[in-house]
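Notes for the one structure printed next.
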Amino acid sequence: MKSFKISRSYYLKMIKSRYVIIVLLITILSGCQSSLNYSTLKYGKAEIQALLADSSFSYLVLQFKSTNGQSSKNPFTLISYAFDTSNIPINTIPYNLMDSGTTPKIFKDSLIMGNQMASRQNLLEALTDPGTQAIVNYDFLVFTPQLDPSNHYVYYTITPGKITPDSSAVVIPSSITQPCPPAICRAPVQQ
């Protein structure tokens, strides 16, 4: 049996690289203290329909993503993983939510960022007209960043969106994501 040894120089490189990552992370976070920018995002209709058609689909976990550093030109976006009722990921490659093209929301207060959860029920609530209980006509779901002033958690409202807005639409259903923690970061208990 061969033994595996790490050379001293390789070990020092690993320590230095971890130190560099920590310093970069602290620098990025301290540079973002004045304001943080968040995109309003779109989740495609085809992807939502595929998830809701899958009887094992239970919930989405959405994670924050920053590309090329966080700035007004590169606001935070989200990626998502779908999970089934056994808490097993349905997709191993995350879905990247698309930027809606609107001006990013800017939060200047202190805030807490965590994974976001959206259950099957949250998605259905966002798509169902409360008056008729029918699924509304939509082209995508819109995830709009919000800041809870009581606890400073970032969360998202979920509303249906249209490429060409329908002027006859009177009621816009909506739902919200649940930051986790404090929400339990697993499937809701089935009753």
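The values are calculated or read from the model by the stated rules, or taken from the named source; none is laboratory data. Being a predicted model, the structure only gives us computed values, none of them experimental. All Cβ positions, even for glycine, are placed from backbone atoms using ideal geometry, and neighbour counts span all protein chains on display.
Observations, loosely collected:
- Those residues of segment 143-154 which are touching a strand residue (DSSP E or B) at 6+ places or on another chain (Cβ under 9 Å) and over 16 Å from P104 (Cβ atoms), in sequence order: D148, N151, H152, Y153
- Residue that is surrounded by the fewest Cβ atoms within 10 Å (Cβ to Cβ) [pool: residues in segment 139-171 that are β-branched (V, I, T) and at pLDDT below 60]: V170
- Positions within segment 137-163 being charged (D, E, K, R) and without any contact (Cβ under 8 Å) to a residue 60 or more places away in the chain, in sequence order: D148, K162
- Within segment 127-148, the set of residues being assigned to a strand (DSSP E or B) and among the polar types (S, T, N, Q) comprises T128, T144, Q146.
- Some residue of segment 45-58 being within 21 Å of the chain's Cα centre (by Cα), at pLDDT 55 or above and in a loop (DSSP other than H, G, I, E, B): yes
- Inter-residue pairs, beta-carbon under 8 Å, first hydroxyl-bearing (S, T, Y) and in segment 124-136, second modelled with pLDDT under 95 and surrounded by fewer than 16 Cβ atoms within 10 Å (Cβ to Cβ), 6+ apart: T128/A134; T128/I135
- Residues of segment 23-43 that are modelled with pLDDT under 90 and either closer than 14 Å to N96 by Cα or β-branched (V, I, T) (or both): V23, I26, T27, I28, S39, T40.
- If only residues of segment 73-102 that are under 18 Å from N122 (Cβ atoms) and of a type in the set (A, V, I, L, M) are counted, the one that is modelled with the highest pLDDT is A82.
- Residue count, segment 99-114 (criterion: buried (at least 17 other Cβ atoms within 10 Å of the Cβ) and out of contact with any Ser or Thr (no Cβ under 9 Å at 6 or more places or on another chain)): 1
- Among the residues of segment 85-101, those identified as under 17 Å from the mean Cα position of the chain (by Cα) and either in a strand (DSSP E or B) or of a type in the set (S, T, Y) (or both) are P89, T92, Y95, N96, M98, D99, S100.
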